[in-house]
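Down below is the structure, laid out as structure tokens.
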Amino acid sequence: MAAWIVIVIVVVVLGLAVLAYNSLVRRRNRTQEAWSQIDVELKRRHDLIPNLVETVKGYASHERETFEAVTNARAAAVSAGATGDPANIAPAENALSASLRSLFAVAENYPQLRAVETFQQLQEQLTATEDKLEFARRYYNTSARDYNIAQQTFPRNLLAGAFGFHAVGFFEVDESDRAVPKVQFGDSGPSGPSAAGGTQDGPPQPGHSGPPAG
């Protein structure tokens, strides 16, 4: 009889261990899936920025410092993204958002851009990407929280260390950095620096300053 009791106890313990292990695996997979959604939206964001910079540059080619700041911030964000570490990625993305605000501030000084459909489309696509990114961020942080809690509670914590389950970081961004400024063009307002001989009404013609070809 005693032997049967021991066997039953061992089976129950093993069963609980299997359930706990499988639970950790499911939560880890959910967290990884959630992060992959963030990764997709970040890459889409990074892909939109060069076209946005080139479009604005066609009307404000002298705003070199702003364009370089955005380009450098994007490069830093791409580099941070390669690490896969939210602790490195979040600050880089926040810096990129800050540089984008400066770019849109420049765009507000050039009403000529209101006739450029490409600029409006890029801005709308970037806004949509930011919205999707925020949703993915919330889903990831929720999944990461549940996964981390599961690792810290008994008896899962006994298995977490033994089988290589590690806590994951949250992806935090400043709310003020998340929103894409909406450029509003009125009928009056600053038109930007004028070129010699009058105000330029469109992109620079061949032979004038503007985005490099190619």
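This table checks each residue for (1) without any contact (Cβ under 8 Å) to a residue 24 or more places away in the chain; (2) in contact with a Leu (Cβ under 6 Å, 6 or more places away or on another chain); (3) more than 14 Å from Phe104 (Cα to Cα); (4) part of a helix (DSSP H, G or I).
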residue	(1), (2), (3), (4)
Tyr21	no, yes, yes, yes
Arg26	yes, no, yes, yes
Thr31	no, no, yes, yes
Ser36	yes, no, yes, yes
Asp39	no, no, yes, yes
Leu42	no, no, yes, yes
Arg45	no, no, yes, yes
Pro50	no, no, no, yes
Glu65	yes, no, no, yes
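Please pick out the residue among Ala77, Ala115 that is modelled with pLDDT of 90 or more and of a type outside the set (Ser, Thr, Tyr). Reasoning before the result, please.
Values: Ala115 fails: modelled with pLDDT of 90 or more.
After ruling out the rest, the residue left standing is Ala77.
When you look at Phe171, is it at pLDDT 85 or above, of a type in the set (Phe, Trp, Tyr), closer than 24 Å to Asn72 by Cβ and over 13 Å from the mean Cα position of the chain (by Cα), yes or no? Outline the logic, then answer.
Details: at pLDDT 85 or above: yes; of a type in the set (Phe, Trp, Tyr): yes; closer than 24 Å to Asn72 by Cβ: yes; over 13 Å from the mean Cα position of the chain (by Cα): no.
Judged against the criteria, Phe171 is not a match.
Could you go through the stretch 45-64 and let me know if any residue there is exposed (fewer than 12 other Cβ atoms within 10 Å of the Cβ), out of contact with any Gly (no Cβ under 9 Å at 6 or more places or on another chain) and modelled with pLDDT under 90. Spell out how you get there, then give the answer.
Residues of the stretch 45-64 exposed (fewer than 12 other Cβ atoms within 10 Å of the Cβ): 64.
Those still in the list that are out of contact with any Gly (no Cβ under 9 Å at 6 or more places or on another chain) too: 64.
Subset that is modelled with pLDDT under 90: 64.
Yes, the stretch 45-64 contains a residue that is exposed (fewer than 12 other Cβ atoms within 10 Å of the Cβ), out of contact with any Gly (no Cβ under 9 Å at 6 or more places or on another chain) and modelled with pLDDT under 90.
Name, by its number, the condition in (1) in contact with an Asp or Glu (Cβ under 9 Å, 6 or more places away or on another chain); (2) at pLDDT below 90; (3) among the polar types (S, T, N, Q) that does not hold for Asn94.
Here Asn94 meets the rest and fails (2).
Read through the list (1) part of a helix (DSSP H, G or I); (2) modelled with pLDDT of 70 or more, then give the number of the only condition that Asp177 fails.
Among (1) part of a helix (DSSP H, G or I); (2) modelled with pLDDT of 70 or more, Asp177 violates only (2).
Of everything in the stretch 98-138 that's touching a helix residue (DSSP H, G or I) at 6+ places or on another chain (Cβ under 8 Å) and not in a helix (DSSP H, G or I), which residue is surrounded by the most Cβ atoms within 10 Å (Cβ to Cβ)?
Tyr110
Cβ contacts < 7 Å: first residue touching a residue at least 12 places away in the same chain (Cβ under 8 Å) and under 13 Å from Ile49 (Cβ atoms), restricted to the stretch 74-88; second residue of a type in the set (Asp, Glu) and buried (at least 17 other Cβ atoms within 10 Å of the Cβ), any location; separation 6+ or different chain. Result?
As it stands, the answer is Ala77/Glu93, since those pairs meet every condition given.
Looking at (1) out of contact with any Phe, Trp or Tyr (no Cβ under 8 Å at 6 or more places or on another chain); (2) farther than 21 Å from Val168 by Cα, which is the only condition Pro91 fails?
The number of the failed condition is (2).
The values are calculated or read from the model by the stated rules, or taken from the named source; none is laboratory data. Fair warning: this is a prediction, and the values are worked out from it, not measured in the lab. Positions of Cβ are generated from backbone atoms using ideal geometry, with glycine treated the same way; all protein chains shown enter the neighbour counts.
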